[in-house]
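Engineer: I'd like to ask you about the structure that follows.
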Amino acid sequence: MSSSWEQIPLFALPETTLTTSAAPTDDAALPDDAALPDDDADSLDAGVVVAAEQAGSEPAGAAHRTSSEQCDGAEAEAGDVPAPPSPEADSTKVDSAAVDRGDEATDTAPAEAATPEAATPEAVTAEPTVPADGPVSPASEIEPTTTRRTPVWEALPAGEAADGHALIVTAAGTFTPSGRELTGPVDSLEKLDKLIRWASLTPLGAPAQIWVVGLAACELLGWVIDPGSEDDVDDMEALRLRAATELTATLHATLTPLLGAGWELRGEPGHVVHLSRTIGNFTSMVDVVIEPYVWTYWNKDFGWHNRVGDMGVLGSPAAGTYLPDDDLPAARELGRRLAWCAQHLGVLPGPTPARTGAAIIDKIKRERTRSGKGIVVTTAGAVPPLDGAPRGDLEPAVGWTRVPDAQDLEDADRLVSIDQRAAYLASAGMLELGYGQPTHLTGGAAAAAAVGEKGTPFGLWRITLPAGQALSLPEKLPLPHPHMLADQPVQTWVTTVTLDALREPVADGGIGADLDDLDVTEAWVYPQQGRVLDKWAKILREARKTAVDTSDAAMKGFLGSCYKGYIGRMVNPDMWTATRMQHHHQPLWRASIIAHCRWRGRRVAMRIAREHHRWPVRTVTDSWVYLLPNGQDIADPSGALGKMTVEKDVALTDTLLASMASAADVHEVNLAIKAAFTDNEDTADDDDDGAGVD
C-alpha cells in the first residue's frame, strides 16, 4: 500500500483491489428493508435508491479506522463512528422492489468491485499523474490563493470516517475525504468508470458518493454549460431552469461511455447523477455529485439566488459558509464536512438536508430492527379522514403583530428578537408520537378517550375553541390557537399536544379549560405511542453541540437545515412515494411538534410578562420581538435546546422609534421591524426554526 499522500497512478491500478481485514460497519449484513432513496421522489424512476450499507473492500490508500460503537440499536450513542468495511462481506441481499429489477431479487454490492478488466494495467495505457508544472500538494495542505479570510472551521482537522464511502475529484487529482491523494486528473468518462469500479466504495446511509469539485474538473469530463448571466435575465428562476435543462442535456450527451460500461441512470441526471450497475444478482450504486452545478437544483431546502441560499452540506454563500473559491481548498473543506457527517451523524450527507435527516432515521430503524430494541415505525401516518378538516395546516405556526402603545415605547431603547434554540429539534426529542392504525371514536366515547390512565393518548380531537373575548386572556398576546376567533366559538381539529395545552392555566400558556369546556365530539386515537424520534434528536443534538463547541458554523447551519427540512417534509407524501420511504410521511408528528413549540413559546411570553412586565409586539413561529430598555435581559440563562436565546438585538434609533410610534397598523409595524433587523443582519443567529418547515 502506498504511503500517505503518495499518488497511485490511476490507470496502472493494482490487479486486485487492496483490502484489509476490519470490523464490519455498523450497518453490515443489513436486512432486506435497508434501502434508502437519496433524492426527491420526482428525480428517481421509482423514488428509491438501494443504500444497503454492506461491508466491502476499501480503496487503496484509504485510512483505516476503528469503531467504538456497541451496536445495540436504541442504546447506541450519537457519536458512534462506523467501522471500516469488511472484505469478508461483499454484498447484502435486497428486495427487488428496492432496485426496480422486476421479480428477481438482486444483491447490493460496493459501488463496484474491481474487475480484472478494470484493474489490469494493460487495459489502458498508464498516464502521468503529476502536472507539468510540478507535483500537486495534498488537499489538506493547500491554502487559499486569495486574501480571503479563512473561517475558523476550515482549520479543523479532516477525519477519516468517510474514507471508503466517498471520493473527491478535482482537476488536479482525486482525494479521499481525509485528504489522501489517490490519482491524477480524471479527464474522461472511461477513467471515471475505472475509478468507480477500482475504488469499490461502500454506502453509508446513502449510496457511495463521487464529488466533482470545480469547473475545471467538469471541463475535463465534458460537463460544461453556458446558460447565460444573471445580468442578462429578469427572472432568476428562468436562468436556473435553463441551466438545469442544459445540464441534463449535456449529461445525456456525454454519459455514453458509462452506459456502455454497464451503468444505468436512475432518474434524469442533474447536479446528482444516480448510477447503478447490476452483474448477476449484485447491484452497485454510486452518486456522482457535480458541485459547481448544485445551484441548478431547487427545493424548499435551498434558497435561490444564484448560490445565495442554503445548499446543503456545501453551505450558504449568504451565511459565509460555502466552500472556498479555489478548487483544492474547496475539496479539502468538502472532505472535512463529509468526514464530519460520517463521524457525527453516521451517514453521508444526502442530496438535500431533509434527505440527510431521513437517512439518520433509517439508520436508527435498521439498528433497532436488528437488535429488537426500541420503537420501529414502518408505515406512513397519513391524516385520517376528518369531517370539517381545517384549511391549511392542521396545527399552524403562529404569526402575529400588534401596534405598540405608549407604555411599550416609554422606556424602550432596543428592539430585541428572542427565539427558542433549535425549537423543533427540542420538541421532536421529548414528545410521545403515535403510530399504527387509529381508532375512530365519536360522542361520549371520544370524550372518555381523552382521559387516559397515563394522560391523553396521541390522536386528533374535534373540539370547540371558545371565543377569545369570553376568556380572561392577555390583550397583548395572540390568541392561544391560530384557529381561535375573538368573537365566536370555532369547531376544529387539534392534536393531543394542543388539547393538553389548552387545559393549562393562563399563566402557563393555556386557557384554563376543562374537557367539558372544549366539547370533544370526535377523535382518532392511535393504538401505540412513544418517543419515536428521541434517538434521532439525540444524534443531531450531540452533533450540534460538537459544531457549537468547535465554532463550526458550517456544520451547525447544515444540521439546522437537516432537522428543519426533515420535519417540514413529513407533511408531503410526494416526498416519500417509494415503498421503503413511506414511513417518513408523518404529518401528525409535524403538527404535534409545531403545536408544542407554539405552546412553549406562549408559556415563556407569559413568564416574561410576569417577571419583566414586557409584552411582545410580534411573533413568528418560535421567535418573539420585544421593545426593551437598556440592561434588561429576557433570554433564558440555560444553553439547553428549546430555551430562549437572543436572536437579534438592535438599538432603537430616533427614526425607528418614530416609525413605531406613528405606525397606524400592523403592516407598518412589520415594515419598521424588518427595516431595523435588515440593517443589522450581522446580529442574527441561525436558530430560528421558522424556515424550512413548510
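FYI, it's all coordinate maths here, none of it is from the lab. Owing to the predicted nature of the structure, the values given are computational and were not obtained by experimental measurement. FYI the Cβ positions are ideal-geometry reconstructions off the backbone, even for glycines, and counts take in every protein chain you see.
Engineer: For segment 486-516 and segment 389-453, what is the separation of their Cα centres, given in Å?
Structural biologist: 10 Å
Engineer: Length gain on complete extension for the stretch HIS440 to ALA249, per 0.36 nm per residue less the alpha carbon to alpha carbon distance?
Structural biologist: 63.6 nm
Engineer: How about LYS556: which lysines have a C-alpha closer than 26 Å to its C-alpha, ignoring those fewer than 8 places off in the same chain?
Structural biologist: Correct list for LYS556: LYS300, LYS363, LYS365, LYS535, LYS538, LYS545, LYS564, LYS643, LYS648, LYS674.
Engineer: Quick one: which of 575-585, 192-202 comes out on top by average Cβ neighbours within 10 Å, and what's the full order, highest first?
Structural biologist: 192-202, 575-585
Engineer: Also, I was wondering about something else. Applying the Karplus parametrisation 6.51 cos²θ - 1.76 cosθ + 1.60 with θ = phi - 60° to the phi angles of segment 435-450, what ³J(HN,Hα) value in whole Hz is obtained for each residue in order, glycine and proline being reported as x?
Structural biologist: Going residue by residue, I get 7, x, 7, x, 9, 8, 10, 9, x, x, 5, 5, 5, 5, 5, 6 Hz, with x marking Gly and Pro.
Engineer: Then there's this: If each residue's Cβ is checked for other Cβ atoms within 10 Å, how do HIS271, HIS612, HIS483 rank with the fewest at the top?
Structural biologist: On the way: HIS271 24, HIS612 14, HIS483 19.
Fewest-to-most Cβ neighbours within 10 Å comes out as HIS612, HIS483, HIS271.
Engineer: A follow-up question, please. Hey, fewest Cβ within 10 Å first, where do ILE608, ILE360, ILE593 land in order?
Structural biologist: Ascending Cβ contact count within 10 Å gives the list ILE608, ILE360, ILE593.
Engineer: Starting from segment 432-483, pick out the trypsin sites (Lys or Arg not before Pro) whose DSSP state is loop and whose Cβ has at most 13 other Cβ atoms within 10 Å.
Structural biologist: Passing sites in segment 432-483 are LYS454.
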